[in-house]
Amino acid sequence: MTFQETVVLVLDLTGTFVFAISGVLLAARRNFDITGGLVLGLLAGTGGGLVRDVLLDRVPNALAHPIYLVPPLVATLLVYLVGRHTVRARIWIVTFDAMGLGLFSLTGTAIALDAGANHPAALLMGALTACGGGLLRDVVANEDPAVFRGTDLYLIPALFGSGLTIIAEAVGWFNVVTAVIIALLAFGFRMLAWTKQWRVPQPMRQWSFRGRDGRSRIRSSVFRRPD
């Protein structure tokens, strides 16, 4: 294993851990038991990578390397030991989710490039890795996925981190320092967008279901707005 592969592995495992934390925190918020927390942690931490690797026709890392199962297990035990002291769970869920998004937009793209994907495909694989686990987590938890909400910028920060990774790789600047910077930039972009409630342009008719009182009926979501 080369030094660059080691860096990607460490960052990928870190991303798996922080994404798993977001899944277990969401389970705790929804009053799921510890097995439900483990399931959401596994989905959030490994789901995006599983889908990416299947599309790239390679053995998924979570199956080829059992070490990928350790971060969700640790995250589950950690949250259920100290999670009761977390008062504002929503902020922590979004924060850890944004950390995972920043890291996975980087590692997903790097893994795709290493597998021989072209730049457009690597861009999509990076975004899929960053968003896929969170999407599966939210669907299973019956939560409106952040990637589908017009009130959130979720896919765009993922594409931003993936694009920066491709540029860094293309010009030969990809190393430990630039990798950390890219992950931090994508994380910061996502958190700033969530805090400021930046949104993509809405369709002209807003695709909204309006009740008889003429007001939109929007389902509450953990990603709706900051506490």
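Any read-out appearing in this document is the output of simple, stated calculations on the displayed coordinates, not a laboratory observation. Since the model is a prediction, treat every value here as computed from it, not as a measurement. Here the Cβ is made from the backbone with ideal geometry for all residues, glycine too, and neighbour counts use every protein chain on show.
Brief remarks follow.
- q = 0.09, 0.18, 0.20 Å⁻¹: log10 I(q)/I(0) that the Debye formula gives for the stretch 3-196, counting C-alpha atoms only: -0.28, -1.14, -1.38
- Packing rank of 13-26, 127-140, where each peptide gets the mean count of other beta carbons within 10 Å, highest leading: 13-26, 127-140
- In sequence order, calculated HN-Hα J values of the stretch 136-149 (Karplus, 6.51, -1.76, 1.60; Hz; x Gly/Pro): 5, 4, 5, 5, 5, 7, 6, 10, 5, x, 4, 5, 9, 9
- Here the spin labels are modelled as points 7 Å beyond Cα on the Cα-Cβ line, and at residue 180 and residue 114 they lie 1.9 nm apart.
- Neighbours of residue 22, meaning other residues whose beta-carbon lies under 9 angstrom from its beta-carbon, give a summed charge of 0 when Lys and Arg score +1 and Asp and Glu score -1.
- Peptide ranges 103-110, 157-164 listed from the most packed, as the mean C-beta count within 10 angstrom indicates: 103-110, 157-164
- Rough spin-label spacing in nm, given labels placed 7 Å along Cα→Cβ, for residue 148 and residue 196: 2.7 nm
- Label separation (residue 30 vs residue 167): 3.7 nm, computed from points 7 Å beyond Cα along the C-beta direction.
- Residue 2/residue 73 FRET efficiency (R0 30 Å; Cβ-Cβ; nearest 0.05): 0.60
- Estimated vicinal HN-Hα couplings, Hz - the stretch 34-39 in sequence order (Karplus 6.51, -1.76, 1.60; Gly, Pro = x): 5, 6, x, x, 5, 4
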